[in-house]
Amino acid sequence: TAGETVDLTATIATGEVFGGWLAKGVELEPMTLTQSFTMPDNNVEIILSKRASGQGPLLKLILSDGTEIETEKTIGETVTLTSEITGDVTFTSWDVYGVEIDNEIGETITFTMPSNDVYIKINQE
């Protein structure tokens, strides 16, 4: 319900590292294990990201067919993604978690890799 306090706690197993809270629809401090926020009057999506110890931040790209591509990135690295359109497929938007971008409906997005993980889904019809 809008106005309700929501509490989140990340549980990280031995051998894992907290990769951040990846949120859409609400702003969270991405790298704290516990979070509280007031539910806004809109939908909120939150992903708890974690990775193997010793691994840098991950970029996880989810293609419209469900294929997942996961790559380790360097903090501060410039990342540019372009949606390749083939056949009768039409690009519609990006769902972006863990980093702010300026244009979620453009076919190309660019951002600087933060210290937390980033998940991006390509939406196509």
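Within the range 20-32, identify whether any single residue is surrounded by fewer than 16 Cβ atoms within 10 Å (Cβ to Cβ), assigned to a strand (DSSP E or B) and among the β-branched types (Val, Ile, Thr), and answer yes or no. No - not one qualifying residue is present in the range 20-32.
If I filter the range 81-102 for residues that are under 30 Å from Gly3 (Cα atoms), open to solvent by 70 Å² or more (accessible area, probe 1.4 Å) and out of contact with any strand residue (DSSP E or B) (no Cβ under 6 Å at 6 or more places or on another chain), do I get at least one hit? Looking through the range 81-102, at least one residue is under 30 Å from Gly3 (Cα atoms), open to solvent by 70 Å² or more (accessible area, probe 1.4 Å) and out of contact with any strand residue (DSSP E or B) (no Cβ under 6 Å at 6 or more places or on another chain). Reported count of residues in the range 45-56, each being in a loop (DSSP other than H, G, I, E, B) and touching a strand residue (DSSP E or B) at 6+ places or on another chain (Cβ under 7 Å), is 3. Evaluating Lys60 against the criteria (1) surrounded by fewer than 12 Cβ atoms within 10 Å (Cβ to Cβ); (2) among the charged types (D, E, K, R); (3) outside any loop (DSSP other than H, G, I, E, B) leaves one unmet condition, (1). Of all positions in the range 36-53, at least one carries a residue that is open to solvent by less than 40 Å² (accessible area, probe 1.4 Å), more than 15 Å from Lys121 (Cβ to Cβ) and modelled with pLDDT under 90.
Before we move on, is Gly106 more than 13 Å from the chain's Cα centre (by Cα) and on the phi > 0 side of the Ramachandran plot? Judged against the criteria, Gly106 is not a match. Quick check: anything in the range 66-86 within 29 Å of Thr9 (Cβ to Cβ), in contact (Cβ under 8 Å) with a residue 40 or more places away in the chain and not in a loop (DSSP other than H, G, I, E, B)? No, the range 66-86 contains no residue that is within 29 Å of Thr9 (Cβ to Cβ), in contact (Cβ under 8 Å) with a residue 40 or more places away in the chain and not in a loop (DSSP other than H, G, I, E, B). Every condition in (1) at pLDDT 90 or above; (2) open to solvent by less than 50 Å² (accessible area, probe 1.4 Å) holds for Glu77 except the one numbered (2).
Considering the range 103-125, the residues that are exposed (fewer than 13 other Cβ atoms within 10 Å of the Cβ) and in a strand (DSSP E or B) include one that is modelled with the lowest pLDDT, namely Thr108.
The values are calculated or read from the model by the stated rules, or taken from the named source; none is laboratory data. Everything numeric in this text was worked out from a predicted model, so none of it was measured. Glycine gets a Cβ as well: all are built from the backbone with ideal geometry, and neighbour counts include every protein chain shown. Surface accessibility is based on the protein's heavy atoms, side chains included, excluding ligands, DNA and RNA. Shrake-Rupley method; radii C 1.70, N 1.55, O 1.52, S 1.80 Å.
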